Amino acid sequence: MSTLVTVGGHRVADASELDSVMDSYFGSPDEQEYINRFFGCQSWTGQAAPRYRISYTCRSLLESREARRCNSGDMPPPPLCAGTCNTYVREWSALTLNHSMCINNILSEDRR
C-alpha cells in the first residue's frame, strides 16, 4: 500500500494500519459528523448504519488514484457485487428519509 493513501487524516502504509484506522473511524464522532454533513442531517448517531458500509467504504478507498497505483499489478481488488452496492444505497436512502433518524430539511434529491 502506498504511503500516499490517507484515511481520516491518517496516512496508512500497509493493510494492518488501514484496518486500525478503519476500526477507529466507524462509529466515531468524526464519522457521525461527516455523515450528518454529507446528508444534511442533524441527528444521525451511527446506531442505525446501513449494512455493507465498511465493505463499500473500503472498496471505495481501493478505487482511489493512490491505491490504484499500488494495485496496478495482475491482481486488482475484486469489485463488490451489484446487490451489495444496491442494498447499501437503499439503506442510506431509507435512513435519510426517516425523520427520527435523520432530520434533514436541506438534503437535495441527488444525495438521497
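Whole-Hz ³J(HN,Hα) for each residue in region 87-101, computed from phi via Karplus 6.51 cos²θ - 1.76 cosθ + 1.60 with θ = phi - 60°, x for glycine and proline: what do you get?
In residue order, the calculated couplings are 5, 4, 5, 4, 6, 5, 4, 4, 5, 6, 8, 8, 5, 7, 9 Hz.
Given the protein chains as shown and a 1.4 Å probe, how many square angstrom of T45 are accessible, to the nearest 10?
Its accessible surface works out to 70 Å², give or take rounding.
For region 56-65, just list the computed ³J(HN,Hα) in residue order, Karplus coefficients 6.51, -1.76 and 1.60, θ = phi - 60°, integers in Hz, with x standing in for Gly and Pro.
Per residue, the Karplus-derived 3J(HN,Hα) values read 5, 5, 4, 5, 4, 5, 5, 8, 5, 4 Hz.
The values are calculated or read from the model by the stated rules, or taken from the named source; none is laboratory data. Note that the coordinates shown come from a computational prediction; the quantities given were computed from them, not determined experimentally. Quick note on the areas: whole protein, heavy atoms, side chains included, nothing else; ligands and nucleic acids left out. Shrake-Rupley method; radii C 1.70, N 1.55, O 1.52, S 1.80 Å.
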